[in-house]
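Following: one structure in structure tokens, then a few remarks.
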Amino acid sequence: MIRRILTIAALLLAYGAANAGVLPDDRADVLYHLYDGGGVEIDGPSVLVRKKVGKSVSLVGNYYVDMVSSASIDVITTASPYTEERKQWSLGMDYLRGNTTMRVNYTSSEESDFDAETVSFSVSQDMFGDLTTLTLSYALGDDLVRRSDDDTFEAPLDRQIYGVGITQILTKNLISSLNVETITEEGFLNNPYRSVRYFDAGSALGYSFEPELYPNTRTSNAVGIRMRYFLPYRAALEGEYRFFTDTWDIDGHTASLSYIHPWKDFTFTGKFRYHDQTGAHFYRDVFPRAQATNFRGRDKEISPLTSYTFKLQAAYEFLRDDGNDTWGFIKRAKVTASVNILNVEYHDFSDLSVGEVLGSEPLYQLDANVIQVYFSFFY
Amino acid sequence: MDKRIFLVGRFLLPLLVIGALSGCGGIEPWVKPYERDKLADPIMALDGDPVSTAYIQHVFEAREGARGGEGAAGGGCGCN
């Protein structure tokens, strides 16, 4: 698939028009996020600053914090509630030359038992009079997994991400994008704290736990398409679909529909997202006995599930770029608030927190709210 | 390792072709620059809120088995 797309892209580039591309707008964003659901509360800030240097370089930096307080279904079943903090920062540079934009980015993430570093590189080419933008990207991730209760445990995880994307103006009212992404991972892929359960006639509830054991490689492919259409009145409609498949036999379908409606200085957005996936081939809610298979997992994230998300968002532009009001060097500013209401139905993951005997536990269901409030300044 | 080399090769080849063929003549754009006023409207930006988008993608990736294929291709739409 990737090879075919690259061949087509290379042929298209042969006819590329020589119009200059554009760098992203200078902006600063200050965001507060809160996730609350399933016994987990995560909140923190995210700050992004982007600034041009000269006419051909744009620098970007991002600082992001997750403060986690977790008493999730996994934690209360086999471990103890915990709190922790994850800090992530990234630095990037865009370099524009003619109709080609090159980007490099470095991201570092740290928490008490997990470190991650990622270096990414991409090249974008505008062509056909800027109707088409083709992007090729590559990223290399280097993670280190540890255990907070075992100082001797340390396991590496390497990741490579290959991407091809095309943004295409189709008509005066319609823009689309197609993205293909392949991710290969090698190393310690399971969660070091999580366990699987197996039949145990000698146990009061009929089951016992043992550590999970994942394969040490995973390759996934995803292809996503988006279309955004300017309606006959000033509003927009967006549709999106993604197909996902990987070597663990997880197949996923994700679709969403958004409606964007401006009114005076406000912009309102409503979005519905649907996701459905099959489970990994080594996933079982309960294994027939201890060490029943070479690989075994009971993470609800790799189980068969369906999720529904409903999003409502309102943005208010309190400083417009109309030449009347200015705040020093700031030309435009807006504040945005959004809520995502998330519901996940697990088709093969039992809720063990109720303490029922084996076979009579209900299936688990997750309800969560995700709230974001952020200020954006353009200068 | 052979697989990695193969994948990298598949990306390097088109880059070489880009270099070799740049400078060739263009074709006529079917949506003229002066016809892109609606596409330049902020409500048509594919990713007008990069911080928020990155955060919510992270939320979904942490709770579902699927990842990738959702990013905007970047580089803008030539609407500015």
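The values are calculated or read from the model by the stated rules, or taken from the named source; none is laboratory data. Every value quoted in this text rests on a predicted model; they were computed, and no experiment measured them. All Cβ positions, even for glycine, are placed from backbone atoms using ideal geometry, and neighbour counts span all protein chains on display.
Taking the condition surrounded by 20 or more Cβ atoms within 10 Å (Cβ to Cβ), among the small types (G, A, S) and modelled with pLDDT under 90, does B:A20 pass? Here the answer is no, as B:A20 does not meet what is asked. Every listed requirement among (1) under 29 Å from A:Y198 (Cβ atoms); (2) out of contact with any helix residue (DSSP H, G or I) (no Cβ under 9 Å at 6 or more places or on another chain); (3) of a type in the set (D, E, K, R) is met by A:K300 save one, (2). Please go through (1) more than 10 Å from chain B (Cβ to nearest Cβ); (2) modelled with pLDDT of 95 or more; (3) crowded, with 19+ Cβ neighbours inside 10 Å; (4) within 16 Å of A:Y283 (Cα to Cα) for A:N190 and return the number of the only condition it doesn't satisfy. Looking at each condition in turn, A:N190 falls short on (2).
Report whether or not A:D113 is within 27 Å of B:G69 (Cβ to Cβ), charged (D, E, K, R) and at pLDDT below 95. Spelling it out, it is not the case that A:D113 is within 27 Å of B:G69 (Cβ to Cβ), charged (D, E, K, R) and at pLDDT below 95.
The residue list A:D149, A:D126, A:D113 contains one member that is over 23 Å from the mean Cα position of the chain (by Cα), among the acidic types (D, E) and surrounded by 15 or more Cβ atoms within 10 Å (Cβ to Cβ), which is A:D126. May I ask you to list the residues in the range B:48-80 that are at pLDDT below 85 and more than 7 Å from chain A (Cβ to nearest Cβ)? Listed by number, the list holds a single entry, B:C79. Could you check, for the range A:229-245, whether at least one of its residues is among the basic types (K, R), at pLDDT 95 or above and more than 30 Å from A:L157 (Cβ to Cβ)? Looking through the range A:229-245, at least one residue is among the basic types (K, R), at pLDDT 95 or above and more than 30 Å from A:L157 (Cβ to Cβ).
When A:Q313 is tested against (1) of a type outside the set (D, E); (2) in a strand (DSSP E or B); (3) at the interface with chain B (Cβ under 8 Å from one of its Cβ atoms), exactly one condition is not met: (3). Every listed requirement among (1) more than 19 Å from the chain's Cα centre (by Cα); (2) farther than 25 Å from A:E185 by Cβ is met by A:T247 save one, (2). Contact annotation: residue pairs with Cβ atoms under 7 Å, 6 or more positions apart or on different chains, pairing a residue in the range A:312-334 that is under 20 Å from A:W263 (Cα atoms) with a partner that is outside any strand (DSSP E or B) and among the basic types (K, R), are A:D321/A:K331; A:R332/A:R320.
Checking the conditions here, which among A:A280, A:A290 is surrounded by fewer than 19 Cβ atoms within 10 Å (Cβ to Cβ) and of a type in the set (A, V, I, L, M)? Please lay out each step first, then the result.
On the way: A:A280 fails: surrounded by fewer than 19 Cβ atoms within 10 Å (Cβ to Cβ).
Going through A:A280, A:A290 in turn, just one is surrounded by fewer than 19 Cβ atoms within 10 Å (Cβ to Cβ) and of a type in the set (A, V, I, L, M): A:A290.
Residues that are of a type in the set (V, I, T) and more than 8 Å from chain B (Cβ to nearest Cβ) within the range A:108-152 comprise A:T118, A:V119, A:T132, A:V145, A:T152, listed in sequence order.
Taking the range A:44-58 as the range and being in contact with a helix residue (DSSP H, G or I) (Cβ under 7 Å, 6 or more places away or on another chain) and more than 23 Å from A:E84 (Cβ to Cβ) as the test, only A:L48 passes.
In the set (1) touching a residue at least 60 places away in the same chain (Cβ under 8 Å); (2) among the hydroxyl-bearing types (S, T, Y); (3) more than 16 Å from A:V57 (Cα to Cα); (4) assigned to a strand (DSSP E or B), A:S124 fails one condition alone, (3).
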